[in-house]
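Working notes, beginning with the structure itself.
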Amino acid sequence: MRKTIFLGIIFCWCFQIGIAQEQSDSLLLNDVIIYGIPNKSYIVGQKVVEVDSSQKEMYRFNTLAEMLSVTTPVYLKSYGNNMLSTISFRGTGANHTAVLWNGFNINSPTSGQTDFSLIPLNSADEIYVHYGSASALAGSGALGGSIHLNSQPEWGKGYKLSLGQSVGSFGSNGTQLLSDYSDDHWQFKTKAYYKQSDNDFEYYMPIRKTEIKQNNAAYTYFGFNQEINHKISSSQQLLFNAWFNNNDRELQPTNGNLNNNDEQQDRSLRLAASYHNNSKVGYFIYRLGYLNDYLNYNRSSSITKTGQLLNAISYEKNVSKYFRVKSGVMWNHINADVDGYGDDKQEDRYDIYALMLYKEGDWEAGFNVRQNIVSGYNSPLAPSVSVAYLGIDNIKFDFQASRNYRIPTLNDRYWDPGGNLSLKPEDSYNVEVGMAYTEKRFSFNLNVYKMWVEDWIIWIQESSYWTPNNLRKVHAQGLELSASYGVSFGKLNLKSSFIYSYNQTENVDAVSAGDVTVGHQLAYTPKHRLTYSLQANRGSWYGQANVQYTGMRYTVGHGEMDPFGIIDLQLGKRFKWNEHTFNLAGKINNLADQEYVLLENRAMPGVNYELNLVYNFK
Amino acid sequence: MKQIKLYALLIFASLFAVACGDDDEGPSFSHDVVVINEGNFSAADGSISGYNYETEKVENGLFEAANDFEFGAIIQSVTKYNGKYYVVGNSTDELVVVNGEDYLLEGTITTDLAIPYKFVAVGNKGYISNWGTQTPDYKYVDAFLTVVDLSSNTVTKKIDMPSKTQGLLIFEEKLYVTHSASNTISVLDIDTDKVVETIETEERPDAMVLDKNNKIWVLCSSGALVQIDPSTNKVIKTIKEITAFGYNEKLVINEAGDRLYFIGGNEIFTLGIDDTVAPEKGLVEVTTAYGVGINGDKLFVGDANAYSGPGTVYIYDLEGNEQSSFTTGFLPNGFIFN
């Protein structure tokens, strides 16, 4: 039984792991089973954590940016409250985290980044955080890690309804709807959400010795998810998912700037359809995706439109009792209509990959490889080798070594002027080891990594304009240490968990005269982060506290930004009548009223409040 | 036990992180040169740096070191007057008054300012030029001057101006105001604060200096240097085909008052006051010429380094031979010589 608990994952994983184990023990894959994120069982030697359901519940009216920054070691660089928020994972840059939605990379093809403030938390059923480099599995840009947003088909669950309403400080309110019906063959699931906020929080300006009120930071977003899933037979499924999101916001200026009235609209439509067929021949999946992104900056002063059509096919087979193989190809056709490019640009990107998993006794070994082909340049072959050993009681040892890459963005290649068609992909090597100890109430994880990135692309001024070049060389190393512990006192259940991360990311070479960053930590990447979470429930009462501490960060000019700590607190009660449940929860964000910024002179709010009421039927 | 050890380790690690963060000191030596660093637009991290000739040492972030907080603004200009630095915070609509000795904050004027650009003073009276309200398409309307009582650091008056106000110069009871979105200079009587005359120049007049013959030189972004006689408020001569910066022009004059230095493109150009044609080539070139200063036989150039990192200050002799350089804050746009 111990062997089934094979990854040292802290939270609620057991269900999916059980399925994965069952499947790999049989030679034939009879039933179509979609478990977790695509290719998850091929992630050997690294850590994948699913975001805890009570964390998702606590931040259900917030964005992924807010939840990740408080509950995981990643650092979100935000231009203010609910403003552009890009990620730094294991000390890497904003486009060094792959963000995948149902297996499709949704990083903007123009900037190579995801703005995490544009992803409402409740738009995804499952959120996984995959630590570390894994281009062989997740493709371009998976250097620091990958974030997976997933939907999960369900059968025979009948009708479920959920309605949620939230009111909070700074004139914010949110509304959510979920309607979900499934019988043994069909599932229709609809989610809709809306949130708006004046976001007129006050912040202190020491030079004026007074507080001033944010006057250009209001936002409104809304969207929906529609899933239609059909189980044709026990061996065939057809899945469809549509996600639309629209966000209109004023752009919060630097502190004290009351003249600014910049604004931005972001709109995305994402479609994913897949056909699964599992027979004695093997497990086939065909996936079709369409991703449409629209960005209107400042009343049409700059418009960015991209469309991506994705086709992917994969084949998986248990070759023997011990050996399992999956292989596939993906074709991504991109069309970009961007003001800054002059004319429309097309790019075709192809991925071909093979994933191999070998399991025998206490040993697991993975060998994955991916080749990415883009017209105009060659990406390095990205292999990974990994081993896991589960031979000692409750303890698992992990090892992974990999080569990884990030391809140039469309902006890097086509921006006019400056776009550089002779750019090479960034090239990276990663090696990591891990140890996990798991018992019933306690778990402990330690992961240590080293990473080298070459040909890191940065924009520099060459003549009268800027142009990107493969100039930077970065060496990163660090560790994540986590532990969780659950305890019960009568009816009171407590669970507490820690994650400490240390990331040291240094520039190895100077890229210009006066480059003071050489040999120092990269800007806006804290060396130390600590998150602590305490969850409690007793009968119908539930509560949760999240604490995060972020160490000193350098600014771009090598100034130092003070460390800070944030405490978010929630207390709720569940009321239940038959199949009707009401959850009423009060939430206090930034309980200690800590003054802090994530980027220089971009204020974040002090203590603020939220009241949430959620009705569930079933 | 295992858990306790682990928790102890985590707490220790976080303490270590805090302990490694602190090492501020105040300014430690006198500064012959103060460098004005405008700051990065998206970070509003304007600052001032000090440089000492003898020790060749530079200290950055003087204000922050003294006060424990930064300006938090885009600093368009700093004027030293009566032993105080008057710092114009352009993004924050502030005039910050800083003690000239210890860099401590003395006061902040925050009313009746709208995207201020420059400060000048006479007696107990200070004038600030304001671009005015910014429209969504980045035009400026309702430009004005703010008049400040320097004894109380309060605003006494707003003077409406016909167009975006930029450069300011006081000469013999008159205030000269360039309108960088038009082709005019307003002349005000400083007793009445009324416009007494309007001078027509080339398009987009910007920075002004006074030469040894008490003539005013105006650098226009359209590419011209205009010499004006303040006794008649007439244009004496116009030198065209000047390479200018394009906006927020930088123009200085040597101590003798007979040679101008200004930024054109990424070069520093120089022109004698008796010259009649534009200089053909620059004296020195840097990556991103952003600030210029002249002190005796030393030419100071602020290089914004492609706006991609902290700036560099280069010191040249008057022939343009580099003598030394140092790293400063973001976008060094000017110098004050003590």
For this session: Identify, from the list A:152, A:236, the residue that is more than 25 Å from the chain's Cα centre (by Cα), closer than 28 Å to residue A:286 by Cβ and of a type outside the set (Asp, Glu).
Result: A:236
Exercise. When only residues in the range B:296-309 that are in a loop (DSSP other than H, G, I, E, B) and free of Cβ contacts under 8 Å to residues at least 24 places away in the same chain count, which is nearest to residue A:555 (Cα to Cα)?
Worked result: B:309
Problem set entry | Residues of the range A:541-558 satisfying the condition of being within 7 Å of chain B (Cβ to nearest Cβ) and among the small types (Gly, Ala, Ser) | A:551, A:557
Exercise. Counting only residues that are part of a strand (DSSP E or B) and among the polar types (S, T, N, Q), which one in the range A:174-201 is farthest from the chain's Cα centre (by Cα)?
Worked result: A:182
Exercise. Which residues, counting only those in the range B:262-277, are in a loop (DSSP other than H, G, I, E, B) and open to solvent by 20 Å² or more (accessible area, probe 1.4 Å)?
Worked result: B:265, B:266, B:274, B:275, B:276, B:277
Exercise. Given the range A:209-274, what strands (runs of 3 or more DSSP E) lie entirely inside it while holding 2 or more residues that are free of Cβ contacts under 8 Å to residues at least 60 places away in the same chain, open to solvent by 20 Å² or more (accessible area, probe 1.4 Å) and among the aromatic types (Phe, Trp, Tyr)?
Worked result: A:219-233, A:236-250
Problem set entry | Sole residue being in a loop (DSSP other than H, G, I, E, B) and of a type in the set (Val, Ile, Thr), chosen from B:198, B:192 | B:192
Problem set entry | Lone unmet requirement of (1) surrounded by 18 or more Cβ atoms within 10 Å (Cβ to Cβ); (2) within 25 Å of residue B:47 (Cβ to Cβ); (3) at pLDDT below 95 for residue B:102 | (1)
For this session: Filter the range A:387-400 for residues that are assigned to a strand (DSSP E or B), touching a residue at least 40 places away in the same chain (Cβ under 8 Å) and open to solvent by less than 70 Å² (accessible area, probe 1.4 Å) and give the result.
Result: A:387, A:388, A:390, A:395, A:396, A:398, A:400
Problem set entry | Residue selected from the range B:284-295 under the condition within 14 Å of residue B:250 (Cβ to Cβ) and part of a loop (DSSP other than H, G, I, E, B), by the criterion modelled with the highest pLDDT | B:286
Seminar exercise, completed: Within the range A:66-100, of all residues that are among the aromatic types (Phe, Trp, Tyr) and in a loop (DSSP other than H, G, I, E, B), the one surrounded by the most Cβ atoms within 10 Å (Cβ to Cβ) is A:89
For this session: Take the residues in the range A:122-139 that are over 23 Å from residue A:383 (Cβ atoms) and part of a loop (DSSP other than H, G, I, E, B), then tell me which one is most open to solvent (accessible area, probe 1.4 Å).
Result: A:125
Exercise. Applying the selection to the range B:298-317, what residues are at pLDDT 95 or above and either more than 14 Å from every other protein chain (Cβ to nearest Cβ) or open to solvent by 30 Å² or more (accessible area, probe 1.4 Å) (or both)?
Worked result: B:298, B:299, B:300, B:314, B:315, B:316, B:317
Exercise. Is it true that residue A:145 is within 25 Å of the chain's Cα centre (by Cα) and either under 30 Å from residue A:249 (Cα atoms) or open to solvent by less than 50 Å² (accessible area, probe 1.4 Å) (or both)?
Worked result: yes
For this session: Just give me the residues in the range B:183-229 being of a type in the set (A, V, I, L, M), over 22 Å from the mean Cα position of the chain (by Cα) and open to solvent by 20 Å² or more (accessible area, probe 1.4 Å), in sequence order.
Result: B:195, B:196
Seminar exercise, completed: Sole miss for residue B:293 among (1) of a type in the set (Gly, Ala, Ser); (2) in contact (Cβ under 8 Å) with a residue 60 or more places away in the chain; (3) within 17 Å of residue B:167 (Cα to Cα); (4) open to solvent by 20 Å² or more (accessible area, probe 1.4 Å) is condition (4)
For this session: State yes or no: is residue A:612 outside any loop (DSSP other than H, G, I, E, B), away from every other protein chain (no Cβ under 14 Å), closer than 30 Å to residue A:181 by Cβ and open to solvent by 20 Å² or more (accessible area, probe 1.4 Å)?
Result: no
Exercise. Can you tell me which residues in the range A:376-386 are open to solvent by 50 Å² or more (accessible area, probe 1.4 Å) and in contact with a strand residue (DSSP E or B) (Cβ under 6 Å, 6 or more places away or on another chain)?
Worked result: A:381, A:385
For this session: Could you pull out the residue among A:605, A:563 that is within 12 Å of another protein chain (Cβ to nearest Cβ) and either of a type in the set (Phe, Trp, Tyr) or under 19 Å from residue A:79 (Cα atoms) (or both)?
Result: A:563
For this session: Take residue A:412 and decide whether it is of a type outside the set (S, T, N, Q), in contact (Cβ under 8 Å) with a residue 12 or more places away in the chain and part of a loop (DSSP other than H, G, I, E, B).
Result: no
Exercise. Based on what the data block shows, is residue A:497 buried (at least 18 other Cβ atoms within 10 Å of the Cβ) and in contact with a Lys or Arg (Cβ under 9 Å, 6 or more places away or on another chain)?
Worked result: no
Exercise. Restricting attention to the range A:178-206, and to residues there that are in contact (Cβ under 8 Å) with a residue 12 or more places away in the chain and within 13 Å of chain B (Cβ to nearest Cβ), which single residue is most open to solvent (accessible area, probe 1.4 Å)?
Worked result: A:204
Exercise. Among (1) within 14 Å of chain B (Cβ to nearest Cβ); (2) outside any strand (DSSP E or B), where does residue A:472 come up short?
Worked result: (2)
Seminar exercise, completed: Flagged in the range B:223-244 as assigned to a loop (DSSP other than H, G, I, E, B) and either touching a helix residue (DSSP H, G or I) at 6+ places or on another chain (Cβ under 6 Å) or in contact (Cβ under 8 Å) with a residue 24 or more places away in the chain (or both), in numbering order, are B:230, B:233, B:241, B:242, B:243, B:244
For this session: Among the residues of the range B:319-331, write down those that are under 22 Å from the mean Cα position of the chain (by Cα), more than 7 Å from chain A (Cβ to nearest Cβ), more than 20 Å from residue A:462 (Cα to Cα) and in a loop (DSSP other than H, G, I, E, B).
Result: B:328
Exercise. Do any strands (runs of 3 or more DSSP E) lying entirely in the range B:37-155 carry at least 2 residues that are under 24 Å from residue B:250 (Cα atoms) and within 14 Å of chain A (Cβ to nearest Cβ), and which ones are they?
Worked result: B:47-51, B:75-81, B:84-89, B:94-99, B:116-122
Problem set entry | Counted residues, the range A:538-575 - those being charged (D, E, K, R) and either over 27 Å from residue A:602 (Cβ atoms) or touching an Asp or Glu at 6+ places or on another chain (Cβ under 6 Å) (or both) | 3
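The values are calculated or read from the model by the stated rules, or taken from the named source; none is laboratory data. The structure displayed is predicted, hence computed values, not measured ones. Every residue, glycine among them, receives a Cβ derived from its backbone with ideal geometry; neighbour counts consider all protein chains shown. Note: accessible area is taken over every heavy atom of the protein model, side chains too, but ligands, DNA and RNA are not part of it. Shrake-Rupley method; radii C 1.70, N 1.55, O 1.52, S 1.80 Å.
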